[in-house]
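Have a look at the structure below before the remarks.
The values are calculated or read from the model by the stated rules, or taken from the named source; none is laboratory data. In this text, all values refer to a predicted model and were calculated from it rather than measured experimentally. So basically every Cβ, Gly included, is an ideal-geometry build from the backbone, and we count neighbours across all protein chains shown. Each accessible area value is taken on the protein alone, full model and side chains, heavy atoms only, with ligands, DNA and RNA left out. Shrake-Rupley method; radii C 1.70, N 1.55, O 1.52, S 1.80 Å.
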Amino acid sequence: MQVVILESPEAVAEYGAHIFIRHLQKKPQAVLGLATGSTPVALYQKLIQANQQGDISFQDVTTYNLDEYLGLAGDHPQSYRYFMNQQLFDHIDINKANTFVPPGSASNPILACDEYEQMIEQSGGIDIQLLGIGRNGHIGFNEPSSGLLSRTRVKTLTQATIDDNARFFSADEYQPHLSITMGIGTIQDSQQVVLLATGSGKADAIYRTVEGPMSASCPASALQMHQNAVIVIDEEAAAQLEHKEFYKHIERENQTLLAQLGY
Ligand code: PGA
């Protein structure tokens with residue numbers, strides 16, 4: 001894992017956005033894996049800006065989102081499809097027919113999960129998967145105890161996740177407790193993973209992800225087995241890492257090498 005520790009949430013968004021921007025400039029037909037939640041919003045704003053300035057185009061890009069609430073249709077304001085339209089798709093030159101979010105209102109969600117896997121495969125697999133992380137270590141809606149080789153499936157949300165996400169729902173609004181999520185195995189199949197985390201609330205989950213044992217109790221720890229996982233975090237989220245100074249040293253060495261090679 002490459003652990004990049006930066007001064008601020010702003011710097012985290014900037015670093016993450018640059019990975020996507022560089023990739024889109026190299027491969028305009030990229031297949032991107034996208035995420036919802038508060039953390040990716042600043043990164044999406046930077047992608048919108050780069051698109052509007054003409055630095056990148058999404059015309060030939062295909063996207064797959066990690067997860068969706070089961071029981072919410074895409075036009076529901078709390079659905080992740082709605083979130084993606086609002087936060088990114090409505091502001092860039094993407095063909096929305098090439099943007100995919102697991103279908104929360106599928107009549108047969110079990111079949112829909114298999115179809116989602118097949119669609120990703122038919123697109124040639126995901127080049128870069130963006131991830132946030134839950135305070136309990138979840139990625140997508142792969143809650144603790146998720147199989148480390150799991151595929152897209154219906155998943156029950158923990159009470160902790162329901163409570164964390166309650167802020168998005170009004171008091172009298174139905175809040176789903178089931179989801180469709182890419183599995184950990186699905187995420188692991190992407191060529192590169194970029195996980196963003198900021199704030200002290202994520203410090204324990206980041207410690208367990210990076211330095212804890214690989215365990216279904218902290219689903220993100222499966223990324224220790226990924227061939228190209230970049231963990232981009234601010235100082236607060238890095239606070240519990242034992243080898244923090246070493247990760248910073250590695251990153252300085254990386255940057256020096258890349259500069260020498262003209263990247
Ligand atoms: P957050 O959510 O970015 O809103 O903290 C992350 C997640 O639950 O995956």
Filter the range 135-148 down to residues that are hydrophobic (A, V, I, L, M, F, W, C) and assigned to a strand (DSSP E or B), then give me how many there are. 1
Do any helices (runs of 4 or more DSSP H) lying entirely in the range 167-263 carry at least 2 residues that are surrounded by fewer than 13 Cβ atoms within 10 Å (Cβ to Cβ) and within 16 Å of the ligand (Cβ to nearest atom), and which ones are they? none
Out of the residues in the range 17-38 that are touching a Gly at 6+ places or on another chain (Cβ under 8 Å) and open to solvent by less than 10 Å² (accessible area, probe 1.4 Å), which is farthest from the ligand (Cβ to nearest atom)? 31
Anything in the range 100-134 that is surrounded by 16 or more Cβ atoms within 10 Å (Cβ to Cβ), away from the ligand (no atom under 16 Å from the Cβ) and part of a loop (DSSP other than H, G, I, E, B)? List them, or say none. 103, 104, 105, 106, 123, 126, 127
Pairs where the first residue, in the range 203-227, is at negative phi and the second is among the acidic types (Asp, Glu), C-beta under 9 Å, 6+ apart: 203/236; 207/242; 211/242; 219/143
Restricting the range 135-154 to residues that are crowded, with 21+ Cβ neighbours inside 10 Å, in contact (Cβ under 8 Å) with a residue 60 or more places away in the chain and more than 23 Å from residue 18 (Cα to Cα), the residue that is farthest from the chain's Cα centre (by Cα): 146
Of all residues in the range 52-72, count the ones that are polar (S, T, N, Q) and surrounded by 21 or more Cβ atoms within 10 Å (Cβ to Cβ). 3
What single numbered condition from (1) of a type in the set (A, V, I, L, M); (2) more than 17 Å from residue 152 (Cβ to Cβ); (3) open to solvent by 50 Å² or more (accessible area, probe 1.4 Å) fails to hold for residue 41? (3)
